[in-house]
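Scroll down for the structure; my scribbles are underneath it.
The values are calculated or read from the model by the stated rules, or taken from the named source; none is laboratory data. Note that the structure is predicted; figures quoted are calculated from it, not measured. Note: ideal-geometry Cβ built from the backbone for every residue, glycine included; neighbour counts use all protein chains shown. All accessible areas refer to the heavy atoms of the entire protein, side chains included, with ligands and DNA or RNA removed. Shrake-Rupley method; radii C 1.70, N 1.55, O 1.52, S 1.80 Å.
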Amino acid sequence: MAVKVDISEADHLFIGEDRTLDFHITEAGVPLDCSGFDLLWALSRNKNDTPSILKTTPTITVGDGDGTGDRVSVPLDAADTANLLPGWYSHALWRTDSGSAIVLSYGRCYLGRAPL
């Protein structure tokens, strides 16, 4: 069920930037309504490291213009990444409801340093 989403160098995610990451969650190719889910998003340097960034609901929001509730938005503030080093990280978006803890999305994430 988990959707692999890599955030590559071409996506231009930079250290010290305010940004919102949007994930479109599907199950067997059909939009999955995530309304009412308890959610957690984590970013870590390596898969087994303590996360450098953790975001949870209600900071993480669910919505979609066509009403399917499949878009999960994770806001990043400049301070979230200000002390991180550029390079590759791992990320995962979890549903954390009791009895329904599952990974909804995962992948690699490149965090760059913006040119001056």
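A few notes on this one:
- Of the residues examined, Gly69 is one that is in contact (Cβ under 8 Å) with a residue 24 or more places away in the chain, open to solvent by less than 50 Å² (accessible area, probe 1.4 Å), more than 23 Å from Glu17 (Cβ to Cβ) and of a type in the set (Gly, Ala, Ser).
- A Cβ distance below 7 Å, combined with a sequence gap of six or more or placement on separate chains, defines the contacts here; from the range 102-116, residues that are within 13 Å of Ile25 (Cα to Cα) reach residues that are among the β-branched types (Val, Ile, Thr) and modelled with pLDDT under 95 in the pairs Leu104/Val3; Leu104/Ile25; Ser105/Val3; Ser105/Val5; Ser105/Ile25.
- The residue that is modelled with the lowest pLDDT, among those in the range 17-30 that are of a type in the set (D, E, K, R) and under 15 Å from Val72 (Cα atoms), is Glu27.
- The set of residues in the range 1-15 that are under 20 Å from Ala79 (Cα atoms) and open to solvent by less than 40 Å² (accessible area, probe 1.4 Å) comprises Ile7, Leu13, Ile15.
- For first residues located in the range 26-47 and surrounded by 17 or more Cβ atoms within 10 Å (Cβ to Cβ), partners that are of a type in the set (Gly, Ala, Ser) and at pLDDT 95 or above and lie 6+ apart or on another chain with Cβ distances below 6 Å form the pairs Ala42/Ala92; Leu43/Ser52; Ser44/Ser52; Ser44/Ser90.
- Single unsatisfied condition, Asn83 versus (1) under 16 Å from Pro51 (Cβ atoms); (2) touching a residue at least 24 places away in the same chain (Cβ under 8 Å); (3) over 14 Å from the mean Cα position of the chain (by Cα): (2)
- For Pro58, the conditions (1) open to solvent by 60 Å² or more (accessible area, probe 1.4 Å); (2) closer than 20 Å to Phe14 by Cα; (3) not aromatic (Phe, Trp, Tyr) are fulfilled apart from (2).
- Options Asp64, Asp38, Asp33, Asp70; residue that is among the acidic types (Asp, Glu) and modelled with pLDDT of 95 or more: Asp38
- Test: residue in the range 3-16 that is at pLDDT 95 or above and either of a type in the set (S, T, N, Q) or touching an Asp or Glu at 6+ places or on another chain (Cβ under 8 Å) (or both): no
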